[in-house]
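The values are calculated or read from the model by the stated rules, or taken from the named source; none is laboratory data. All values derive from a computational prediction rather than experimental measurement. Neighbour counts run over all protein chains shown; Cβ positions are idealised from the backbone, glycine included.
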Amino acid sequence: MLVLGLETSCDDTGAGLVEDGRLLAHVVASQEIHLEYGGVVPELASRAHITLLPRMVADVLGKAGRRLEEIDAVAATIGPGLVGSLLVGLEFAKGFAQARGIPFVGVNHVEAHLLSPGLEHQLPLPLLGMVASGGHTEIYHLRAPGVAARLGSTRDDAAGEAFDKVGKLLGLPYPGGPHVDRLAREGNASAFPFPVARLGNDNFDLSFSGLKTAVKRAVEREPQPLSEQRIRDVAASTEKAVVTALIDRLSLALEKHPSRALGLAGGCACNTLLRREAERLGRERGIPVLIPSPILCRDNGAMIAYAGWQTLVCGLRTPLTVSAIPNLDAFPAA
Ligand code: KG4
Ligand code: ZN
């Protein structure tokens, strides 16, 4: 079964092709129009999706050497995300499905991230999975295909949001996460003892708003403008605080919820230190750590095609009357 997946929940326009669960090709266009505003402008994002999406579909078919007529089903992100952006991909997919008389599946963006390690690896279950991105930081226990519990989530900012806000404070381009990662490699992670929120040993929740405030105060106390080395030190100390918090909760979750693998996904799973520390945690616990290639950690159409395929093989499809659900939740809380 050849499934086309479309992702338009925020500012990345992605299209992916998965055949019988195997990734054939994917393409993604990151909208650069938002750079000058230092954040995503929703109206500009939806307009850009309208222009980019048909091109992405043509490109992914070309890359895979397949024809439009060969597509057996189409999947698109239904939520969570920006309503205008979601609607572009969703309506495109529904129109395509109706015109071609093929099934349509609406996909939960966070569930697609959670399953995305399956694009490149076998997924042993139960799997402890974390989705850490600009809008989400959540820990799940995936017990069987389509059956998972949300163990914890951030109570305020997402991990990526913390990186991006610190990036902004340091005058780095948006999104700050990849720049903080790059600068941190030459910084002293012990230069600033930023706080790591620990919300007790009976839950797996996280909090990053205190970190953002601590970084702001520390930066204000420094002689201005900050030297290049001081910027690298703030980046490294921030990265250490975020990664320590994430690994701490993953470690506790693995203790309480035995798992056969640890999965990471979402844009923050590109982070060098997080990948290294997760590998170390996996070695300690004797389980494999499954992290997609960096391009597949971020928003992409391949994960939507893959999650859509998983739904379709269970015999499910989504009625064409469905609309976008901007605040859609993933699996229920444990
Ligand atoms: O999954 P994603 O592409 O989009 C959302 O659904 O949000 O994630 C984007 C987020 C941004 O906050 C970005 O700064 C962060 O992922 N990010 C990183 C890195 N690459 C992307 N954060 C830390 N280190 C990175 N290398
Ligand atoms: Zn995402």
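Within region 293-322, the set of residues being within 16 Å of ligand 1 (Cβ to nearest atom), out of contact with any strand residue (DSSP E or B) (no Cβ under 6 Å at 6 or more places or on another chain) and not in a helix (DSSP H, G or I) comprises S293, R298.
More than 16 Å from ligand 2 (Cβ to nearest atom) and either touching a helix residue (DSSP H, G or I) at 6+ places or on another chain (Cβ under 6 Å) or of a type in the set (D, E) (or both), is that true of H179? So H179 passes the test.
The single condition among (1) more than 14 Å from ligand 1 (Cβ to nearest atom); (2) buried (at least 23 other Cβ atoms within 10 Å of the Cβ); (3) within 19 Å of C268 (Cβ to Cβ) that G81 does not satisfy is (1).
From L52, L86, which residue is within 16 Å of ligand 1 (Cβ to nearest atom) and either surrounded by fewer than 23 Cβ atoms within 10 Å (Cβ to Cβ) or in a loop (DSSP other than H, G, I, E, B) (or both)? Step through it out loud before you land on a result.
Details: L86 fails: either surrounded by fewer than 23 Cβ atoms within 10 Å (Cβ to Cβ) or in a loop (DSSP other than H, G, I, E, B) (or both).
That would be L52, the only listed residue that is within 16 Å of ligand 1 (Cβ to nearest atom) and either surrounded by fewer than 23 Cβ atoms within 10 Å (Cβ to Cβ) or in a loop (DSSP other than H, G, I, E, B) (or both).
Name the residues in region 247-272 that are closer than 15 Å to L290 by Cα and among the aliphatic types (A, V, I, L, M), would you? If the condition is that a residue be closer than 15 Å to L290 by Cα and among the aliphatic types (A, V, I, L, M), then I247, L250, L254, A261, L262, L264, A265, A269 are the ones that fit. Any residue at all in region 309-324 that's under 18 Å from the mean Cα position of the chain (by Cα), surrounded by fewer than 22 Cβ atoms within 10 Å (Cβ to Cβ), under 17 Å from G146 (Cβ atoms) and in contact (Cβ under 8 Å) with a residue 12 or more places away in the chain? No, because not a single residue in region 309-324 is under 18 Å from the mean Cα position of the chain (by Cα), surrounded by fewer than 22 Cβ atoms within 10 Å (Cβ to Cβ), under 17 Å from G146 (Cβ atoms) and in contact (Cβ under 8 Å) with a residue 12 or more places away in the chain.
Considering only region 160-175, how many residues are within 16 Å of ligand 2 (Cβ to nearest atom), among the small types (G, A, S) and over 14 Å from T213 (Cα atoms)?
Filtering region 160-175 for residues within 16 Å of ligand 2 (Cβ to nearest atom) gives 160-164, 174-175.
Filter once more, so that each one left must be among the small types (G, A, S): 160, 162.
Right, trim to over 14 Å from T213 (Cα atoms) and you get 160.
Of the residues in region 160-175, 1 are within 16 Å of ligand 2 (Cβ to nearest atom), among the small types (G, A, S) and over 14 Å from T213 (Cα atoms).
Here's the yes/no breakdown for (1) surrounded by fewer than 23 Cβ atoms within 10 Å (Cβ to Cβ); (2) out of contact with any Lys or Arg (no Cβ under 9 Å at 6 or more places or on another chain); (3) at pLDDT 95 or above:
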site: D202; (1), (2), (3): yes, yes, no
site: D205; (1), (2), (3): yes, no, yes
site: K212; (1), (2), (3): yes, no, no
site: K216; (1), (2), (3): yes, no, yes
site: E220; (1), (2), (3): yes, yes, yes
site: Q224; (1), (2), (3): yes, yes, no
site: E228; (1), (2), (3): yes, yes, yes
site: E239; (1), (2), (3): no, yes, yes
site: L246; (1), (2), (3): no, yes, yes
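Contact map, region 110-134: first residue assigned to a strand (DSSP E or B) and at pLDDT 95 or above, second residue among the aliphatic types (A, V, I, L, M) and within 14 Å of ligand 2 (Cβ to nearest atom), Cβ cut-off under 6 Å, separation 6 or more or different chains; pairs are G129/L114; M130/L264; V131/V110; V131/L114; V131/A265; A132/A159.
Scanning region 153-188 for residues that are surrounded by 19 or more Cβ atoms within 10 Å (Cβ to Cβ) and either outside the structural domain of R249 (by TED's automatic domain parsing) or outside any helix (DSSP H, G or I) (or both) returns S153, T154, D157, A158, L170, L172, P175, G176, G187. Restrict the check to region 225-238 and report whether at least one residue is under 16 Å from G152 (Cβ atoms), in contact with a helix residue (DSSP H, G or I) (Cβ under 9 Å, 6 or more places away or on another chain) and β-branched (V, I, T). Scanning region 225-238 turns up no residue that is under 16 Å from G152 (Cβ atoms), in contact with a helix residue (DSSP H, G or I) (Cβ under 9 Å, 6 or more places away or on another chain) and β-branched (V, I, T).
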